[in-house]
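Notes follow once the structure below has been shown.
The values are calculated or read from the model by the stated rules, or taken from the named source; none is laboratory data. Everything quoted here is computed from the prediction, not taken from an experiment. Backbone-built Cβ (ideal geometry, glycine too); neighbour counts: all protein chains shown.
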Amino acid sequence: MKAKLAAAWTGVMFLYAYVDILAFFKPGVVTDILAGVVFEFDISQPLYVLFLTLMAIPIFMIVLSMTLPARANRVTNLIVASVQIPYAAFNVVGGSWTYFYGLGVALEVILLALILRYAWTWPRTAPSATTATMATSPDRETVRAQ
């Protein structure tokens with residue numbers, strides 16, 4: 001389950017970054033940046049701290065998904081993915097490139113919904129002792145864990 005969550009957060013992170021990177025190719029975007037404006041906001045350190053913080057969320061969720069204990073992992077993923085969905089949808093509001101941003105948001109929301117599903121359906125019980133001590137070797141023979 002941890003690997004599934006980390007993989008989904010990795011997808012969210014890449015989509016989030018690539019949508020922003022591809023947006024540089026829209027006519028006028030680079031000109032605005034050179035003039036000191038990003039998304040109609042003046043370029044400033046607080047703005048860039050905000051951008052970095054927002055990008056750090058999926059990055060840290062990759063790490064946390066792999067390292068937190070099950071209960072904390074489940075709760076953290078449910079909360080953060082729930083908050084990220086409206087944030088992702090905000091990127092479509094007021095945009096003139098609705099197909100581009102709409103597709104990006106749709107893909108992000110699909111992955112965030114998958115994260116919510118994984119976290120919500122996380123098994124609530126530990127595997128039985130017999131399941132935990134048995135493993136399958138690469139040649140599919142059942143072996144006892146040492």
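Data table
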quantity: Residue match in the range 29-39 (condition: over 16 Å from Gly11 (Cα atoms), of a type in the set (D, E, K, R) and surrounded by fewer than 14 Cβ atoms within 10 Å (Cβ to Cβ)); calculated: no
quantity: From the options Ala70, Ala35, residue that is in contact (Cβ under 8 Å) with a residue 40 or more places away in the chain and more than 15 Å from the chain's Cα centre (by Cα); calculated: Ala70
quantity: Entirely in the range 54-146, the helices (runs of 4 or more DSSP H) that have 2 or more residues that are within 20 Å of Ala8 (Cα to Cα), β-branched (Val, Ile, Thr) and at pLDDT 65 or above; calculated: 70-90, 98-120
quantity: Near pairs, Cβ below 8 angstrom, 6+ apart or cross-chain, from the range 82-97 (surrounded by 13 or more Cβ atoms within 10 Å (Cβ to Cβ)) to any residue that is at pLDDT 85 or above and outside any helix (DSSP H, G or I); calculated: Trp97/Lys26
quantity: Residues (among the β-branched types (Val, Ile, Thr) and closer than 19 Å to Leu5 by Cβ) located in the range 33-76; calculated: Ile57, Ile59, Ile62, Val63, Thr67, Val75, Thr76
quantity: Any hit, the range 1-14, residues being part of a helix (DSSP H, G or I), of a type in the set (Ser, Thr, Tyr) and at pLDDT below 95; calculated: no
quantity: In the range 40-62, residue farthest from Ala88 (Cα to Cα) [restricted to those that are among the hydroxyl-bearing types (Ser, Thr, Tyr) and surrounded by 11 or more Cβ atoms within 10 Å (Cβ to Cβ)]; calculated: Ser44
